[in-house]
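Only one structure is covered here, and it is reproduced in the block below.
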Amino acid sequence: MPARICCVFGSWQLLSLVASLRQSTMDGSSPADQEHEDYLLLYETAGVSEHFKTGLAELASKVWTWRRIIWAYDLLTSERKYGQLQIFRIHRLIRDTIGLDASSVAEIWACFVNRPSEKILLDSYPEAKIVLYEDGLTSYLPFEMATMSRPPGTRFRRRITAALIAGLSTISPAFRLRKAADRIERHHLRRVTKFYSLLHEIPIHDALENVPRFQVGASLMRDVIDEACRDALSGGDEHCRASANPRILLLGQALSRNRIMSYAQEAAIYRRIAEQIVERGYDVVWKEHPRISKPFFPELLDAVGNVTADANTRIMAANLPHIYPIELVVSRMNIVGCVSGTSAALLYLKWLYGIKTYTFAETLIPLMTGADILMSEMVKAHAEPFSTLQSLNETQKGIR
């Protein structure tokens with residue numbers, strides 16, 4: 001029975017993967033899932049807590065039937081400066097850890113083919129086809145292709161050096177890993193056979209323009225979410241209880257964790273947004289980002305206390321383990337809108353449930369660089385500015 005290796009580094013990515021696996025059995029692009037043995041690799045290159053690791057593994061065990069779930073946090077990293085013998089030892093260690101030899105894997109399902117972590121896995125199984133599934137907005141960034149630039153010097157010298165580089169690239173994965181950095185290598189791109197996308201309205205980057213693109217249906221994604229919610233969650237339904245005022249969901253991000261800004265800067269932004277939501281007459285439901293380690297809710301509770309005497313009823317934390325995505329429970333939360341900075345959840349909630357979404361990306365963009373600016377622009381194109389969230393008084397006047 002052919003094997004598939006599936007790569008996951010977060011709870012939303014897990015749900016995206018499972019929906020894509022299901023979609024592949026429905027659109028005729030892949031045989032039925034029972035004809036494969038699926039191996040799940042869990043990893044995260046930026047580091048996560050033990051709580052995150054165990055919670056992700058528990059969720060994974062409930063949403064799909066895996067032949068094995070393998071923790072690869074020490075195997076698939078962002079390191080790319082390896083020696084040749086060292087990289088071969090890592091390839092062998094990966095195969096031994098997974099329990100599959102180099103020729104027995106039919107497909108590798110991953111979000112990326114440009115990062116060192118995934119490249120090491122892809123080179124461990126050079127015969128496997130590659131299937132991409134959506135990570136989030138990062139799946140639509142314009143990643144560069146790796147090129148071996150011509151060295152300076154005479155024409156003859158350039159030819160000799162270029163031939164040497166080409167030869168080393170062919171026989172040395174360690175050399176390629178160092179030279180290509182975070183760019184897509186052509187020999188990996190040639191192995192990509194499909195891309196499963198959720199946000200189908202966003203154009204794909206040029207590197208994948210010739211890869212067949214398959215849409216994961218919103219109804220299928222909702223089914224996966226509902227099943228995961230039923231199987232993985234238990235406890236009270238505080239997020240469903242009635243509230244005196246309409247609720248707005250406020251989503252945190254991992255901006256300080258990703259070193260875009262300090263914790264204090266990030267907290268100050270959330271405090272200001274929470275205050276404004278309450279001042280406009282709404283109650284706030286707060287959700288921490290799955291990957292953060294220091295929560296922001298105490299900061300927000302304090303901030304809301306500055307503008308109202310009943311802070312404990314005007315703001316609450318979502319009754320959901322923070323390592324899980326808000327999509328698991330949002331359909332039962334009785335909210336009238338969602339606010340965040342540059343979270344892809346704004347696009348997903350609109351796509352899945354028709355929820356009104358608002359962004360304060362304009363506040364964040366001056367603090368960002370590179371890819372984060374591009375993702376901010378994507379969010380701005382699909383969510384309303386936070387400034388357009390009307391107060392309840394204005395809304396009620398409009399109704400009258």
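Laid out as a table, the results:
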{"read-out": "Flag for Arg222 being modelled with pLDDT under 95 and in a helix (DSSP H, G or I)", "value": "no"}
{"read-out": "Flag for Ser343 being more than 21 Å from Glu266 (Cβ to Cβ) and either among the hydroxyl-bearing types (Ser, Thr, Tyr) or open to solvent by less than 60 Å² (accessible area, probe 1.4 Å) (or both)", "value": "no"}
{"read-out": "Residues within segment 1-27 that are open to solvent by 10 Å² or more (accessible area, probe 1.4 Å) and of a type in the set (Val, Ile, Thr), tallied", "value": "1"}
{"read-out": "Residue ID - most open to solvent (accessible area, probe 1.4 Å), chosen from residues in segment 243-256 that are within 19 Å of Leu392 (Cβ to Cβ) and part of a loop (DSSP other than H, G, I, E, B)", "value": "Ala244"}
{"read-out": "Residue that is most open to solvent (accessible area, probe 1.4 Å), among those in segment 101-118 that are closer than 17 Å to Arg191 by Cβ and assigned to a loop (DSSP other than H, G, I, E, B)", "value": "Ser103"}
{"read-out": "Boolean, Arg89 is part of a helix (DSSP H, G or I) and free of Cβ contacts under 8 Å to residues at least 12 places away in the same chain", "value": "yes"}
{"read-out": "Of all residues in segment 154-199 being of a type in the set (Val, Ile, Thr) and modelled with pLDDT of 85 or more, the one that is most open to solvent (accessible area, probe 1.4 Å)", "value": "Thr193"}
{"read-out": "Count - residues of segment 119-135 that are surrounded by fewer than 20 Cβ atoms within 10 Å (Cβ to Cβ) and either without any contact (Cβ under 8 Å) to a residue 12 or more places away in the chain or closer than 21 Å to Ala174 by Cβ (or both)", "value": "2"}
{"read-out": "Some residue of segment 295-318 being within 20 Å of the chain's Cα centre (by Cα), surrounded by fewer than 20 Cβ atoms within 10 Å (Cβ to Cβ) and among the hydrophobic types (A, V, I, L, M, F, W, C)", "value": "no"}
{"read-out": "Residue satisfying condition, being among the hydrophobic types (A, V, I, L, M, F, W, C), outside any loop (DSSP other than H, G, I, E, B), more than 12 Å from Val8 (Cα to Cα) and under 25 Å from the mean Cα position of the chain (by Cα), within set Leu56, Leu121, Leu132", "value": "Leu121"}
{"read-out": "Test: residue in segment 92-106 that is modelled with pLDDT of 95 or more and under 22 Å from the mean Cα position of the chain (by Cα)", "value": "no"}
{"read-out": "Conditions (1) more than 21 Å from Leu59 (Cα to Cα); (2) within 20 Å of the chain's Cα centre (by Cα); (3) part of a helix (DSSP H, G or I); number of the one not met by Glu327", "value": "(1)"}
{"read-out": "Restricting segment 69-86 to residues that are of a type outside the set (A, V, I, L, M) and part of a helix (DSSP H, G or I), the residue that is surrounded by the fewest Cβ atoms within 10 Å (Cβ to Cβ)", "value": "Gln86"}
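Yes or no, residue by residue, for (1) under 23 Å from Gln390 (Cβ atoms); (2) at pLDDT below 95; (3) assigned to a loop (DSSP other than H, G, I, E, B); (4) polar (S, T, N, Q):
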{"residue": "Asn258", "(1), (2), (3), (4)": "no, yes, yes, yes"}
{"residue": "Glu266", "(1), (2), (3), (4)": "no, no, no, no"}
{"residue": "Arg271", "(1), (2), (3), (4)": "yes, no, no, no"}
{"residue": "Gln276", "(1), (2), (3), (4)": "yes, no, no, yes"}
{"residue": "Gly281", "(1), (2), (3), (4)": "yes, no, yes, no"}
{"residue": "Trp286", "(1), (2), (3), (4)": "yes, no, no, no"}
{"residue": "Ser293", "(1), (2), (3), (4)": "no, yes, yes, yes"}
{"residue": "Pro298", "(1), (2), (3), (4)": "no, no, no, no"}
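Listed here are the residues, each with its yes/no results for (1) in a loop (DSSP other than H, G, I, E, B); (2) open to solvent by less than 10 Å² (accessible area, probe 1.4 Å).
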position: Ser331; (1), (2): no, no
position: Gly337; (1), (2): no, yes
position: Ile355; (1), (2): yes, no
position: Thr363; (1), (2): no, no
position: Thr369; (1), (2): yes, no
position: Asp372; (1), (2): no, no
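The values are calculated or read from the model by the stated rules, or taken from the named source; none is laboratory data. Every value quoted in this text rests on a predicted model; they were computed, and no experiment measured them. Neighbour counts run over all protein chains shown; Cβ positions are idealised from the backbone, glycine included. When the accessible area is computed, the model is the full protein with side chains, heavy atoms only, and any ligands, DNA or RNA have been set aside. Shrake-Rupley method; radii C 1.70, N 1.55, O 1.52, S 1.80 Å.
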